[in-house]
Amino acid sequence: MNKLILLVSMATLVGCSSSREWAVAPGQHPQRFEREITLNARYDLLVYTPEAYDPSRRWPLIIFLHGSGERGSDPNRLKVHSLPKLAETRGDFPFIIVSPQCPEGQRWNAVTLNAMLDDVIARMPVDTSRIYLTGLSMGGYGAWKFAIAAPERFAAVAPVCGWGQLEDVEKLKNTPVWVFHGALDDVVPSSESEKMVAFLKKHGSTSVRYTLYPDANHNAWDRTYANPELYEWFLQHTK
């Protein structure tokens, strides 16, 4: 279990700060609201290290974000498919793999994910020039969201059958992005990935790739995470 505590300072407007009543004369006058807020930011995690793991050297890190069906408080549920399932049976992935579990009823939050990543880096020998981000469905949405919020952190990003907001996506124009989707997806239409790819290209990205599986439905993840080329592609990129 990994418990993260964030301290957030909030302020609006400018002017004098006081614990006393504001001296409000007729008209409009600058004032300030400021209060320290404690946010309990918690994810349960699955953490994978390979059989060759040596904590005296720095390791590449993959952050994997699951879909909506695996939300809860039991990270063992993440082993049902995709990357955590593969990691359960393989000891030769040359990465640390961290798979957080999103709580029931929530979606991925970029502020909490960023704090989690800070915590992982503090606890494990991560090569911060080789941090990779991927996720499927709701996790594909989370990968877009997290990457756009903190593009400086990731050497490469691979959203699978996800979706995202076009606002600020140009922040990823210099980040290698490989997008995967099934053409027959009736849960998240492939047009959601296509619009993100098109927008990146429009804003000058030369390092975005798009793989559309013509015979796949929403499950675009089985063949994506079983493909050794994905992991080779990750390792080709550093910050």
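Against the list (1) at negative phi; (2) out of contact with any Gly (no Cβ under 6 Å at 6 or more places or on another chain); (3) in contact (Cβ under 8 Å) with a residue 12 or more places away in the chain, the condition R32 fails is (2). Scanning the stretch 88-98 for residues that are modelled with pLDDT of 95 or more and out of contact with any Pro (no Cβ under 8 Å at 6 or more places or on another chain) yields a single hit, V98. For the stretch 86-99, a residue qualifies if it is touching a Leu at 6+ places or on another chain (Cβ under 9 Å) and in contact (Cβ under 8 Å) with a residue 60 or more places away in the chain, and the qualifying residues are F93, P94, F95.
For every residue, the table says whether it meets (1) of a type in the set (D, E); (2) assigned to a helix (DSSP H, G or I); (3) out of contact with any Leu (no Cβ under 9 Å at 6 or more places or on another chain).
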{"position": "E192", "(1), (2), (3)": "yes, yes, yes"}
{"position": "L200", "(1), (2), (3)": "no, yes, no"}
{"position": "S205", "(1), (2), (3)": "no, no, no"}
{"position": "R209", "(1), (2), (3)": "no, no, yes"}
{"position": "L212", "(1), (2), (3)": "no, no, yes"}
{"position": "N217", "(1), (2), (3)": "no, no, no"}
{"position": "D222", "(1), (2), (3)": "yes, yes, yes"}
{"position": "Y231", "(1), (2), (3)": "no, yes, yes"}
{"position": "K239", "(1), (2), (3)": "no, no, yes"}
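If you go through the stretch 65-84 and keep only what is farther than 26 Å from A115 by Cβ, part of a helix (DSSP H, G or I) and under 19 Å from the mean Cα position of the chain (by Cα), you end up with nothing.
Taking the criterion of being farther than 24 Å from P103 by Cα and in contact with a His (Cβ under 6 Å, 6 or more places away or on another chain), would at least one residue in the stretch 213-229 satisfy it?
Initial filter on the stretch 213-229 (farther than 24 Å from P103 by Cα): 213-217, 223-224, 226-229.
Then keep just the ones that are in contact with a His (Cβ under 6 Å, 6 or more places away or on another chain); that gives none.
Checked against the condition, which is being farther than 24 Å from P103 by Cα and in contact with a His (Cβ under 6 Å, 6 or more places away or on another chain), the stretch 213-229 yields no hits at all.
Tell me whether the stretch 37-59 contains one or more residues that are polar (S, T, N, Q) and at pLDDT 95 or above. Yes - at least one qualifying residue is present in the stretch 37-59.
Looking at (1) modelled with pLDDT of 90 or more; (2) surrounded by fewer than 19 Cβ atoms within 10 Å (Cβ to Cβ), can you tell me which one F64 breaks? Just one mismatch for F64, condition (2).
The values are calculated or read from the model by the stated rules, or taken from the named source; none is laboratory data. Values in this document were obtained by computation on a predicted structure and should not be read as measured data. Positions of Cβ are backbone-derived with ideal geometry, glycine not excepted, and every protein chain shown enters the neighbour counts.
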